[in-house]
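Below: the structure, in structure tokens.
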Amino acid sequence: MSQPTIESILHEDRIFEPAAEFSSSAHIASLQQYQQLYDKAKADPQAFWAELAATELHWFQTWDTVLDWQPPFAKWFVNGKINISYNCLDRHLTTWRRNKAALIWEGEPGDSRTLTYAQLHREVCQFANVLKQLGVEKGDRVGIYLPMIPEAAIAMLACARIGAVHSVVFGGFSAEALRDRLVDVQAKLVVTADGGWRKDAIVPLKEQVDKALANNSAPNVENVLVVRRTEQTIAMEPGRDHWWHDLQAGASADCPAEPMNSEDMLFVLYTSGSTGKPKGVVHTTGGYNLYTHITTKWIFDLKDTDVYWCTADVGWITGHSYIVYGPLSNGATSVMYEGAPRPSNPGCMWDVIERYGVNIFYTAPTAIRAFIKMGEHLPNARDLSSLRLLGTVGEPINPEAWMWYHRIIGKGRCPIVDTWWQTETGGIMITPLPGAVPTKPGSATLPFPGILAEIVDLEGNPVPTNEGGYLAVRHPWPGMMRTVYGDRDRFRRTYWEHIPPKDGQYLYFAGDGARCDQDGYFWVMGRVDDVINVAGHRLGTMEIESALVSHPSVAEAAVVGKPDDLKGEEIVAFVTLENKITASDDLKNELKKHVVQEIGAIARPGEIKFADALPKTRSGKIMRRLLRSLAAGEEISGDTSTLEDRSVLEKLREG
Ligand code: WTA
């Protein structure tokens with residue numbers, strides 16, 4: 001059950017045709033229909049997207065230019081006026097969906113709550129007025145640091161409603177990581193909770209916010225709104241901190257959606273890159289609304305009768321696009337779950353499916369591998385017959401896990417959509433359309449219509465069939481990120497000049513290695529940069545190294561990923577210590593704790609290895625390739641001639 005390797009997937013030749021019964025009622029019902037859409041979009045992308053924008057979304061005012069492309073900067077639906085909160089809420093209120101469940105929330109200690117579209121609309125309008133009362137204006141940034149509770153979606157939609165820019169920070173990040181993000185985005189207000197439930201324990205969110213804001217270290221933050229969730233005693237700073245329920249109760253439910261410019265910023269979401277601090281990925285309104293709407297509709301074959309459940313956290317892009325915006329724009333019923341499997345309730349995910357009759361289930365390979373480990377008796381003891389479609393995202397799925405998902409959860413009848421995409425792409429890019437595209441376990445299959453994906457070398461030349469290369473995208477698409485917050489140059493360099501543009505033709509560099517097979521199917525292998533993917537969470541090795549080096553005992557650190565059966569990758573840190581500091585197991589634990597404090601529990605190294613020195617090139621660069629092999633327990637192969645001091649390697653190997 002390890003990550004797919006070239007060898008394992010080269011030998012993967014099973015093909016699963018969409019079931020006739022599924023196809024007969026699917027939005028995209030045959031391979032031929034997919035091909036027609038793909039060809040049409042390729043021939044005239046602007047006409048393709050414009051037609052969808054006009055038919056699928058509400059606009060206060062139509063655009064005058066579909067695409068303004070000044071590479072690498074794109075503007076979609078220029079001068080169009082739109083509001084994504086209106087598209088997710090108001091437009092459903094004049095239909096029968098008014099009283100349909102928009103969000104079904106299941107909280108950790110057995111709490112639950114259902115919000116219809118009318119109820120959600122009311123809450124969002126009230127909260128939008130609360131934000132206004134506290135001085136939040138169009139264009140201001142709002143930090144959201146919440147557990148998986150409906151207030152997270154309400155806060156996002158309320159920001160969107162008045163044109164404030166939200167920046168959600170995953171609740172598992174530490175106070176330090178939160179502060180960095182709040183400072184970078186210059187947040188004016190923070191929405192948080194007294195705490196969140198995590199596997200029977202309380203995550204003290206408000207306490208972390210207090211730490212992040214201590215000593216005026218995020219000077220733009222004027223107000224903090226606190227949702228009461230876990231009900232333990234917390235400190236409330238007069239003048240700065242307010243209870244959500246106090247202000248919400250007194251707020252008017254009348255708040256018309258602000259007509260936003262299509263290119264107005266909708267949100268900033270931080271993600272790890274190979275160098276430097278996390279990047280603020282900027283998404284704007286109109287293009288993102290269209291892209292998440294249409295991908296949700298076609299890829300999850302969404303019908304009005306479906307109960308749809310994506311298990312991601314709203315702190316990640318998957319939660320933004322496929323719990324909140326995509327499903328609600330389609331008027332779907334979206335399940336939001338605060339819990340996670342734990343020893344006292346390992347079958348809880350299957351209980352949720354049974355209880356709510358979930359039809360569409362979207363999760364991550366790392367979760368599937370954990371389900372396999374917990375045993376098939378758990379899902380087998382529940383009624384999963386409501387399921388009709390399964391999805392996965394976040395990392396390559398190994399064919400064994402795909403087959404288990406297919407057999408045990410899908411009972412051999414549910415199509416699986418393996419969806420490849422990124423924070424930067426806004427929505428799903430490579431995926432089967434479930435009624436149309438035959439699937440192969442481990443392959444994300446074919447590009448979504450309108451997406452021109454290619455496998456190239458670093459000069460941008462196409463690589464032959466079945467040969468490894470870099471995954472790249474040729475033409476702009478509506479959901480693409482617009483820039484790195486406050487750093488247009490970094491955006492240009494990182495994504496659009498990594499492969500040098502030729503004759504004005506720019507290629508988007510995704511940072512993933514992949515190959516294309518004889519049927520044009522994409523097989524994504526994983527990151528080719530210094531980003532590691534731990535249980536579907538994206539982490540930069542640099543961030544973890546900086547955290548380690550900030551500890552007074554550490555002289556130097558190099559972090560690599562090591563293949564792991566459950567998490568995909570595990571963090572291994574090679575550390576050299578300052579003079580006079582002695583290595584010990586206590587120090588290892590202290591360093592692990594230090595990383596958790598600096599970044600969050602998701603970045604806790606699985607292993608720390610002390611070394612006298614790190615292998616470096618003559619020009620002083622750490623040779624991570626060698627460290628990766630060492631961590632994985634492999635023979636060191638390939639060229640080591642650039643190594644400055646060969647004895648370093650011998651010593652490391654001896655441990
Ligand atoms: C990886 C998550 C293989 C990939 C939506 C990408 C995948 C990174 C898949 C983005 C998939 C995501 N198959 N690899 N189906 N989906 N990835 O920004 O390495 O958190 O570059 O976005 O996850 O992670 P991010």
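The values are calculated or read from the model by the stated rules, or taken from the named source; none is laboratory data. The model shown is predicted, which means the values in this text are computed figures rather than measured ones. Note that each Cβ is placed from the backbone with ideal geometry, even for glycine, and that neighbours are counted across all protein chains shown. In case anyone asks, the SASA skips ligands and DNA or RNA and just uses the protein heavy atoms, side chains included. Shrake-Rupley method; radii C 1.70, N 1.55, O 1.52, S 1.80 Å.
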Solvent-accessible area, 1.4 Å probe, carbon plus sulfur percent, for the range 382-431: 53
Highest-first arrangement of 51-59, 74-82, 236-244, where packing means the average Cβ count within 10 Å: 74-82, 51-59, 236-244
Accessible surface, the chain, averaged per residue in Å² (probe 1.4 Å): 38
Per-peptide average of other Cβ atoms within 10 Å, ordering 159-167, 387-395, 407-415, 645-653 highest first: 159-167, 387-395, 407-415, 645-653
Loop-resident sites, the range 509-616, for GluC sites (Glu not before Pro), counting at most 13 other Cβ within 10 Å (DSSP): 578
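Okay, helix-only estimate at 222 nm for the chain: each DSSP H run of n ≥ 4 adds -39500 (n - 2.57), divide by all residues, round to 500 deg cm²/dmol; what do you get?
The helix contribution divided over the chain gives -8000 deg cm²/dmol.
If you count, for each residue, the other Cβ atoms within 10 Å and average over each peptide, how do 373-380, 290-297 line up from highest to lowest?
290-297, 373-380
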Greater than 21 Å apart at Cα, pairs in 373/609; 373/567; 188/593: 373/609; 188/593
Reach of residue 277 by Cα under 14 Å, taken over aspartates and glutamates that are not fewer than 8 positions away in the same chain: 176, 180, 184, 487, 530, 543, 545, 598
The chain: C-alpha gyration tensor shape, a/c 1.5 cut-off, then a/b vs b/c: rounded
Average Cα contact separation per residue, the chain, under 8 Å, 6 or more apart, as relative contact order %: 15
Fraction of accessible area attributable to carbon and sulfur, the range 1-113 (%, probe 1.4 Å): 50
Partner lysines for residue 297 [C-alpha distance under 21 Å; skip if fewer than 8 residues away on the same chain]: 40, 42, 100
Shape parameters for the range 242-357, alpha-carbon atoms, Rg then Dmax in Å: 17.5, 49
Free-standing Cys residues across the chain, given no other cysteine C-beta under 4.7 angstrom: 88, 159, 310, 348, 414, 516
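Can you list the trypsin sites (Lys or Arg not before Pro) in the range 584-623 that are in a DSSP coil and have 16 or fewer other beta carbons within 10 angstrom?
When the trypsin sites (Lys or Arg not before Pro) of the range 584-623 are filtered for loop state and at most 16 Cβ neighbours within 10 Å, 618, 621 remain.
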Tensor-based shape of the range 550-609 (alpha-carbon gyration tensor, a/c under 1.5 rounded, otherwise prolate or oblate): prolate
Cα gyration tensor shape for the range 520-645, rounded if a/c is under 1.5, else prolate or oblate: oblate
Carbon + sulfur, % of accessible area of the range 539-619 - ligands and nucleic acids excluded, 1.4 Å: 46
